[in-house]
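Before any comments, here is the structure.
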Amino acid sequence: MGDLPNGNQLIAVENKMQDFDKLLDIAKRKSEFDKSNAWYSGASTYLSEIKKEVDEVLDELPKHRIGHLEDELGDVLWDCLNAILCLEKEAGVKMDSIVQRACRKYEERVSAIENGISWEDVKRKQKKKLEQEQAAQ
């Protein structure tokens, strides 16, 4: 039988999800503010920032400063959330759908590598399936 989480582990996971939900709520407030913000130019604002923040994470890695690294990773997460919120308006994507797709995709990939199937093989199959899904729309 696999390891089941104990009560303390479940509480910790629940607290993390509450923190994530809180961050998402803050990003939604920011999204409202962006509607009247002169510097804002849609999702591209945040997509460009993601690239910059990833570079800052890479710069921080060799310095071994956990607080700074966590701060930069938080910036990446913040910009990702804001980009998705923008793309909900601009392109019609849905946060729930993105999370569901990611869970399905990576569950398949991780299950595959755990069973000796290569990541690339699963990825090719998934891309083909996605192309078929897109063609059917």
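The values are calculated or read from the model by the stated rules, or taken from the named source; none is laboratory data. Every value quoted in this text rests on a predicted model; they were computed, and no experiment measured them. Here the Cβ is made from the backbone with ideal geometry for all residues, glycine too, and neighbour counts use every protein chain on show. Heads up: the accessible areas ignore ligands, DNA and RNA and are worked out on the full protein's heavy atoms, side chains in. Shrake-Rupley method; radii C 1.70, N 1.55, O 1.52, S 1.80 Å.
How large is the convex hull of the C-alpha atoms of the chain per residue, in Å³? It would help to have the intermediate numbers written out before the result.
On the way: hull volume 25.1 nm³, N = 137.
Dividing the Cα hull volume of the chain by its residue count gives 183 Å³.
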- If the chain between Lys30 and Glu56 were fully extended at 0.36 nm per residue, the gain over the current Cα-Cα distance would be 7.1 nm
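In Å², and per residue, what accessible area does segment 87-137 have when probed at 1.4 Å with the other protein chains present? Display every interim value, and only then the final one.
Values: 4300 Å² over 51 residues.
Solvent-accessible surface per residue comes out at 84 Å².
Which of the residue pairs Lys105/Lys125; Lys28/Lys52; Lys28/Lys94 have a Cα-Cα distance greater than 19 Å in the structure shown? Provide the component values of the computation, followed by the final result.
Working: Lys105/Lys125 11 Å; Lys28/Lys52 22 Å; Lys28/Lys94 14 Å.
Lys28/Lys52, as the Cα separations exceed 19 Å there.
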- For segment 121-137, what does the Karplus curve 6.51 cos²θ - 1.76 cosθ + 1.60, with θ = phi - 60°, yield as ³J(HN,Hα) per residue in whole Hz, taken in order and with x for Gly and Pro? 4, 5, 4, 4, 4, 5, 4, 4, 5, 5, 4, 5, 4, 5, 5, 7, 7
- Query: How big is the charge dipole of the chain about its Cα centre, in debye rounded to the nearest 20, if each Lys and Arg gets +1 on its Cβ and each Asp and Glu gets -1 on its Cβ?
  - Reply: 600 debye
- Item | Positive-end residue of Leu58, Phe20, Tyr106, charge dipole of the chain with Cβ unit charges | Tyr106
- Message: Which residue fluctuates most in the GNM of the chain (Cα springs below 10 Å): Glu49, Glu107, Glu70?
- Response: Glu107
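Using only DSSP helix segments of four residues or longer, with each worth -39500 (n - 2.57), what per-residue ellipticity at 222 nm results for the chain after dividing by its residue count and rounding to 500? Numbers along the way, then the final one.
On the way: 5 runs with 110 residues, N = 137.
So the calculated ellipticity at 222 nm is -28000 deg cm²/dmol.
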- Evaluate the distance, in nm, between pseudo-label points positioned 7 Å from the Cα of Arg65 and of Gln126 along their respective Cα→Cβ axes. 3.5 nm
